[in-house]
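This report concerns only the one structure given below.
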Amino acid sequence: MKGRQIGSNSENKPSPLKLDIVLDLDYISSPKEVFAIVAGQLAQFGVKEEVMVKALMERERAGSTGVGHSIALPHAIIPGELPRPLIAFIRVRKGVEWQAIDGQPVKLICLIVASERNRPEYLKLLAEMAHRLARDHVRARLIKARSTDEIMAVLTHRPAPGFFTTYRNFFIIATAIVAVYILGRFLFPALKLPPIEVYEKLGYIKFNSAPWPSREALTTAIFLGMILGTLFFWRYRVALAATSISLLLLLRVMDIESAVEYMSIPTVIFIMAMMALIKWLENVGVFRVIVVSAAQRVGNSPGVMLLVLMLFSIVLSGFAGEVSGILVTFGLALELARRTRVSPLPYLLALVFATNVGSALTLVGNPIGVYIAFAGGLTFENFSRWATPVSFVAGIVTIILGLILFRRHLRRPAPLSPATFTVEANPQELRLGIAVFLAVIALIVLHARLENWLHIGEGTVLVATPLAALAFVIFIEQERGKLLIERGIDWWTILFFMFLFANAACLEHTGVTTKLGYLLLRVAEKLPITRWLGQSGLTGSSLILMLWFSGTASGFVDNMPIVAALVPIVKTLIQIGLPHASILWWSLLIGGCYGGNLTMIGSSANLVAIGAYEKATGQVVRFSDWIATGAIITFVTMAIATILLILQIPLAR
Amino acid sequence: MFERILYIISEKQEEKHTVMEFARRHQSTVLLTAVSPVSPCPPPLQEGETRQAVRQEEHERRCWQDIYRLEDEFKKSGIKSSVVAQLGTIDNIRFLANSTHCDLIILPTSVLAEHDYRLPEELLPNLPCPIFFLPGS
């Protein structure tokens with residue numbers, strides 16, 4: 001039998017590992033049969049077959065060696081002398097019932113026997129094999145291995161990754177930055193804005209001459225580098241965004257005053273205050289109480305329960321943010337799935353889809369909505385007029401599609417008992433929480449009217465409302481108020497947003513987005529749909545390009561960088577007088593929100609829900625689990641939104 | 001009463017005799033596992049990712065050795081025991097308890113000490129069975 005030895009420097013590691021037998025079996029009926037087959041093969045080492053089988057069966061009686069995750073590690077000290085501990089590895093393709101602790105059949109069996117004098121070495125080997133088999137990727141490779149040699153290689157061979165493999169992502173980013181910069185140095189000087197009145201009036205013609213084209217190439221390369229960096233090194237996103245800002249400052253592309261101005265402080269303050277406020281409302285139990293109360297009234301049909309939870313995902317994400325929405329509804333779904341012993345995966349997918357669609361319902365549903373509102377000077381009422389009806393229709397369609405796509409899982413006649421959901425909330429705090437929540441929502445809804453009435457600047461009430469509510473909460477929470485600020489606000493994300501906004505605004509500052517807007521119009525002119533749509537043709541084509549680009553890109557990259565980069569383009573198109581161009585704000589919002597359903601990494605809600613799912617079940621959500629249904633939902637909802645928005649183009653400013 | 005006990009072993013296993021006695025009295029099967037300590041502070045800057053991974057691997061290897069050594073002791077004492085094929089963090093306790101269908105969790109306080117005496121906020125209200133915090137000797 002072939003075996004490969006591996007070296008060891010650590011005292012914890014056993015002496016070199018040698019597999020004595022590797023077997024690949026299609027079917028086997030019981031552990032005893034496995035032991036008999038292995039004992040027969042180990043006879044060459046002086047093992048007595050009956051003795052070994054008896055010792056292993058006794059060990060099984062003292063507690064199953066099926067350790068979960070389709071693994072069994074049968075082991076025993078057997079009478080007699082063995083030169084060293086013996087290891088056999090067996091893969092059973094169809095699995096064998098082992099009374100494993102998780103109740104699942106066993107597919108990977110690592111059998112170790114030793115004599116009494118090898119006991120220390122035997123224990124080390126057991127630990128080493130358990131250590132290796134505990135890793136998901138090792139198990140996956142063992143299950144997929146095409147031969148016993150491959151199984152052997154997986155278990156014994158651990159090649160160290162080379163320099164280029166280790167730093168592959170870094171090289172990809174560096175290459176991309178250099179390539180984009182070189183390309184930009186050729187393209188931006190060639191891409192000239194036409195000397196028409198509107199560009200001259202707005203002072204954009206300067207972007208055609210030095211030093212702007214070189215600054216444009218530089219800004220684009222740095223921005224794309226940051227986007228790629230956040231894609232590959234998400235946990236370092238703040239550092240990457242800060243590095244980009246530093247580079248732009250040091251290279252004199254922008255000055256400190258502009259950088260601070262571009263950080264969009266009102267947007268940041270609004271998001272920050274809402275984060276803390278929503279965290280407080282979550283702690284008080286406001287959202288859970290609302291959802292549980294509704295769930296307890298709808299009976300015990302799985303279909304109705306999913307419908308209710310999806311509906312609340314839409315509404316809660318619209319008014320309390322996507323993360324809060326998914327935390328509450330998927331938290332309940334997990335409880336439901338645990339009690340009824342069904343897989344929570346369909347709930348995960350359906351609720352995340354509903355949440356992402358719902359996050360475009362209002363101004364406060366998603367940080368991109370807040371950013372668009374401040375960038376475009378849009379009010380809550382504007383959102384209610386344009387985003388809410390589209391998201392309402394898309395939400396209903398998402399619910400119907402969810403119920404159809406997951407109908408197989410909802411037929412299960414499992415007894416559901418929503419009445420057993422518990423809510424531990426202090427009634428006084430709860431009443432106060434609901435009052436604060438309603439007051440904040442009412443003031444945000446009416447902010448534009450109040451600002452007009454009070455003759456104060458645009459967005460003042462919008463920013464002041466959550467700030468005042470937060471101040472009130474800190475006051476009543478006293479000592480806990482400090483904790484709320486420290487833990488309730490995702491400071492990491494806030495910093496990232498600030499730096500990101502400044503980076504994106506720099507694209508506008510240097511004229512990149514003006515030129516891209518011009519390019520977008522030239523592309524839109526050539527699309528056949530422009531002719532079909534008649535007078536609104538150019539706006540309609542731009543809308544389609546904007547919505548589908550932001551939607552598709554948001555499926556693979558965080559939606560905020562995409563939206564932040566596209567916002568200045570919409571601003572430019574409005575400034576140059578594209579008819580009804582304000583409708584593009586909604587295409588951007590909807591693309592950014594709905595596109596989050598495309599992949600697992602499409603939005604914060606996806607990541608939060610997947611994290612909760614993995615923590616609760618120990619299982620991994622596969623890309624294939626997601627993409628099939630995610631693509632259908634994304635395509636259908638974006639198509640509906642496109643049609644609804646195109647039909648309304650003549651009504652837009 | 002406690003048919004299956006999930007015992008999260010501590011580094012020194014000072015509490016093992018209490019667990020053995022408890023399991024013997026209740027004729028329980030003990031499911032052995034361990035959790036990795038989570039440092040409240042990030043690792044020092046000069047410590048690269050490779051070094052951290054090596055340290056983590058060494059720790060896990062030590063945990064598995066402790067678990068199998070302990071399993072051997074339980075077996076010699078006539079107590080039914082099994083090993084759980086997963087090491088995690090303290091956040092995984094709920095998952096482990098759910099997947100192993102245990103009736104009681106035994107968590108030595110010294111394990112908590114390694115976690116800065118913090119339990120995840122959502123842990124206690126959502127556990128499927130009682131949890132028994134056992135002080136060290």
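Assorted remarks:
- The mean number of Cβ atoms from other chains found within 10 Å of a Cβ in peptide A:131-142 is 2, as a whole number.
- Chymotrypsin sites (Phe, Trp or Tyr not before Pro) restricted to DSSP loop in segment A:205-269 with at most 16 other C-beta within 10 Å: A:F233
- Exposure proxy ranking, count of Cβ atoms within 10 Å, fewest first, for B:H26, A:H75: B:H26, A:H75
- For segment A:24-98, chymotrypsin sites (Phe, Trp or Tyr not before Pro) meeting the loop criterion (DSSP other than H, G, I, E, B) and having at most 12 other Cβ atoms within 10 Å: A:Y27.
- Cβ-based exposure ranking for B:S82, A:S313, A:S324, A:S209, in which fewest neighbours within 10 Å come first: A:S209, A:S324, B:S82, A:S313
- Computed [θ] at 222 nm, helices only, for chain A once each DSSP H run of length n ≥ 4 contributes -39500 (n - 2.57): -21500 deg cm²/dmol
- Computed FRET value (nearest 0.05) for A:F186 with A:E381, which takes r as the C-beta separation and R₀ as 51 Å: 0.65
- For segment A:94-124, applying the loop criterion from DSSP together with a ceiling of 16 other beta carbons within 10 Å to the GluC sites (Glu not before Pro) yields A:E97.
- Projected-area mean, segment A:309-357, by convex hull of Cα positions, square nanometres: 2.7 nm²
- Set of aspartates and glutamates with alpha-carbon distance to A:K279 below 18 Å, sequence-local pairs under 8 removed: A:E322, A:E424, A:E429, A:E477, A:E479, A:E486, A:D490, B:E121, B:E122
- All lysines inside 22 Å of A:K515 as judged from Cα atoms, apart from same-chain residues fewer than 8 positions distant: A:K192, A:K201, A:K206, A:K526, A:K571
- Per residue, the convex hull spanned by the Cα atoms of the protein assembly as shown measures out at 192 cubic angstrom.
- Fully extending the segment from A:E424 to A:F475 would add 16.0 nm, taking 0.36 nm per residue of separation and subtracting the current Cα-Cα distance.
- FRET E, pair A:Q104, B:F132, Förster distance 22 Å, beta-carbon r, rounded to 0.05: 0.25
- Shape category assigned to segment A:500-571 from the gyration tensor of Cα positions, a/c cut at 1.5: oblate
- Förster radius 56 Å - calculated FRET efficiency between A:F45 and B:L124 (Cβ-Cβ, nearest 0.05): 0.65
- Between B:E3 and A:L249, the distance separating the two model label sites (each 7 Å from Cα on the Cα→Cβ line) works out to 6.5 nm.
- With 0.36 nm allotted per residue and the present C-alpha distance subtracted, the A:Q296-A:R531 stretch has 79.3 nm of extension available.
- Among the listed pairs A:K48/A:K124; A:K124/B:K12; A:K94/B:K16; A:K144/B:K12, those with a Cα-Cα distance over 29 Å are A:K94/B:K16; A:K144/B:K12.
- Within the protein assembly as shown, percent of DSSP bridges classed antiparallel, to nearest 5: 25 percent
- Note on segment A:198-351: percent of Cα-Cα distances in each 10 Å bin, starting at 0 and stopping at the bin with the largest distance, equals 9, 24, 22, 18, 16, 10, 2.
- Summary value for chain A: 12 percent relative contact order, contacts being C-alpha pairs under 8 angstrom separated by 6+ residues.
- Computed about the Cα centre, the dipole magnitude for chain A is approximately 1300 debye when only Lys and Arg (+1) and Asp and Glu (-1) carry charge, each at its Cβ.
- What the Cα atoms of segment A:421-561 give is an Rg and a Dmax of 22.3, 64 Å.
- Whether segment A:220-288 is rounded, prolate or oblate, judged on the alpha carbon gyration tensor where a/c under 1.5 counts as rounded: oblate
- Ranking of A:F549, B:F74, A:F496 by neighbouring Cβ atoms within 10 Å, starting from the fewest: A:F549, A:F496, B:F74.
- Residues with amide H under 5 Å from that of A:L19, placed H, sequence gap 5 or more: A:R4
- Subtracting the Cα-Cα distance of A:E197 and A:L438 from their residue separation scaled by 0.36 nm leaves 81.9 nm.
Coordinate-derived values only; no laboratory data. Since the model is a prediction, treat every value here as computed from it, not as a measurement. Ideal geometry is used to build each Cβ from the backbone, glycine not excepted, and the neighbour counts take in all protein chains shown.
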